[in-house]
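**Student:** Take a look at the following structure, please.
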Amino acid sequence: MKAIALVGTKKTGKTALGLALVRELLSRGVRVAVAKHTQHHFDRPDTDTARYAELGVQVIGVCPTESFVRWPSERFLPDLIPLVDAEVLVVEGGKDLGWLPRVILCDDPDKARRLGPELALAAWTGSEDLRPVAGTPEVGSLEMLADMVLSQGFLLPGLNCGACGRADCRGLTEDIVAGRATPGDCQATGQVVSVSVAGHPLALNPFVARMIGAGIVAQMATLKGFVPGDIEISIKGAGQ
């Protein structure tokens, strides 16, 4: 999945840009999902779901036109991504997310360092109120921004396992953005042992992957007819 975060100071047009970018991607036939980070509650007051939410329970809402799940606490965004069917994830906000690249919206160059320019593919300058960020490429065309997301967007698992040789996923993200590495350098994906749930691949810490692989091989070796080679196991309806 491709991904990009739109990060900026308050009132710099993150939502307006996010909406425009989503429309542009949809016009190209791209399946898009959106994640929004905010310090405010999502439930409108005086609704039935809000009343249930006040009890501190998980809430599932279903109607003919939409569905949603609400948790009474923050969840790790990569754990929620398998719930959506998309080719591109557009994240509004989330300046502390170090496992995906970003586009910066900044109206004050003195605040640019707080927005993580080392993770930025570009600074959005498509508004007269926004300013360039030193050392960061500029993009002011929606078409060019969409092209950039499709060609350079990426999503790391956020495990911070250190198997790639960096301290955490943020270090690898910085190197990818700078051209010193590629998403394929992540050791938590594309390993000898791979696991997919409902068609979505799960990232595995290399130690965990080796442990799972060794355990499966050891158990399979006790079965009649076992010979060394690739092993494929499918479990239907797990967890249902």
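**Student:** Across segment 117-131, what is the total count of residues that are farther than 16 Å from LEU17 by Cβ and either over 18 Å from the mean Cα position of the chain (by Cα) or surrounded by fewer than 21 Cβ atoms within 10 Å (Cβ to Cβ) (or both)?
**Tutor:** 2
**Student:** With respect to the numbered conditions (1) surrounded by fewer than 16 Cβ atoms within 10 Å (Cβ to Cβ); (2) among the aliphatic types (A, V, I, L, M); (3) more than 21 Å from VAL90 (Cβ to Cβ); (4) modelled with pLDDT of 90 or more, which one is the sole condition not fulfilled by MET144?
**Tutor:** Among (1) surrounded by fewer than 16 Cβ atoms within 10 Å (Cβ to Cβ); (2) among the aliphatic types (A, V, I, L, M); (3) more than 21 Å from VAL90 (Cβ to Cβ); (4) modelled with pLDDT of 90 or more, MET144 violates only (3).
**Student:** Another question, if that's okay. Do we find that ALA5 is hydrophobic (A, V, I, L, M, F, W, C), in a helix (DSSP H, G or I), touching a residue at least 12 places away in the same chain (Cβ under 8 Å) and buried (at least 18 other Cβ atoms within 10 Å of the Cβ) in this structure?
**Tutor:** Answer is no for this residue.
For (1) hydroxyl-bearing (Ser, Thr, Tyr); (2) in a strand (DSSP E or B); (3) touching a Leu at 6+ places or on another chain (Cβ under 9 Å); (4) surrounded by fewer than 16 Cβ atoms within 10 Å (Cβ to Cβ), each residue gets a yes or a no:
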| position | (1), (2), (3), (4) |
| --- | --- |
| ALA33 | no, yes, yes, no |
| PHE68 | no, yes, no, yes |
| PRO72 | no, no, yes, yes |
| ASP79 | no, no, no, yes |
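**Student:** Show the residue pairs meeting these rules: Cβ distance below 7 Å; 6+ apart or different chains; first residue within segment 25-49 and closer than 22 Å to LEU145 by Cβ; second residue exposed (fewer than 14 other Cβ atoms within 10 Å of the Cβ) and modelled with pLDDT of 80 or more.
**Tutor:** Cβ pairs passing all conditions: ARG31/ASP85; VAL32/LEU26.
**Student:** Taking GLY116 as meeting all but one of (1) touching a Leu at 6+ places or on another chain (Cβ under 6 Å); (2) on the phi > 0 side of the Ramachandran plot, write down the number of the exception.
**Tutor:** So GLY116 meets the others, but not (1).
**Student:** With respect to the numbered conditions (1) closer than 21 Å to GLY18 by Cα; (2) within 15 Å of the chain's Cα centre (by Cα), which one is the sole condition not fulfilled by PRO183?
**Tutor:** Going through (1) closer than 21 Å to GLY18 by Cα; (2) within 15 Å of the chain's Cα centre (by Cα) one by one, PRO183 breaks only (1).
**Student:** Check segment 201-221 and report whether any residue there is exposed (fewer than 15 other Cβ atoms within 10 Å of the Cβ), in a loop (DSSP other than H, G, I, E, B) and on the phi > 0 side of the Ramachandran plot.
**Tutor:** No; the residues of segment 201-221 include none that is exposed (fewer than 15 other Cβ atoms within 10 Å of the Cβ), in a loop (DSSP other than H, G, I, E, B) and on the phi > 0 side of the Ramachandran plot.
**Student:** Scanning segment 161-200 for residues that are polar (S, T, N, Q) and not in a loop (DSSP other than H, G, I, E, B), which turns out farthest from VAL84 (Cα to Cα)?
**Tutor:** Restricting to residues being polar (S, T, N, Q) and not in a loop (DSSP other than H, G, I, E, B), the top hit is THR173.
**Student:** Spot the failing condition for GLY158; the list is (1) under 23 Å from ALA86 (Cβ atoms); (2) crowded, with 18+ Cβ neighbours inside 10 Å; (3) without any contact (Cβ under 8 Å) to a residue 60 or more places away in the chain; (4) small (Gly, Ala, Ser), and only one is missed.
**Tutor:** With respect to (1) under 23 Å from ALA86 (Cβ atoms); (2) crowded, with 18+ Cβ neighbours inside 10 Å; (3) without any contact (Cβ under 8 Å) to a residue 60 or more places away in the chain; (4) small (Gly, Ala, Ser), GLY158 is out only on (3).
**Student:** Which of the residues belonging to segment 190-200 are among the aliphatic types (A, V, I, L, M), under 21 Å from the mean Cα position of the chain (by Cα) and loosely packed, with under 11 Cβ neighbours inside 10 Å?
**Tutor:** Once the filter is applied, which keeps residues that are among the aliphatic types (A, V, I, L, M), under 21 Å from the mean Cα position of the chain (by Cα) and loosely packed, with under 11 Cβ neighbours inside 10 Å, segment 190-200 yields only ALA198.
**Student:** Going through ASP85, ASP48, ASP108 one at a time, which residue ends up being surrounded by fewer than 14 Cβ atoms within 10 Å (Cβ to Cβ) and within 21 Å of LEU156 (Cα to Cα)?
**Tutor:** Testing whether each residue is surrounded by fewer than 14 Cβ atoms within 10 Å (Cβ to Cβ) and within 21 Å of LEU156 (Cα to Cα) leaves just ASP85.
The values are calculated or read from the model by the stated rules, or taken from the named source; none is laboratory data. Here the structure is a predicted model, which means the values were calculated and not measured. Don't worry about glycine lacking a Cβ; one is built from the backbone with ideal geometry, like all the others, and counts go over all protein chains shown.
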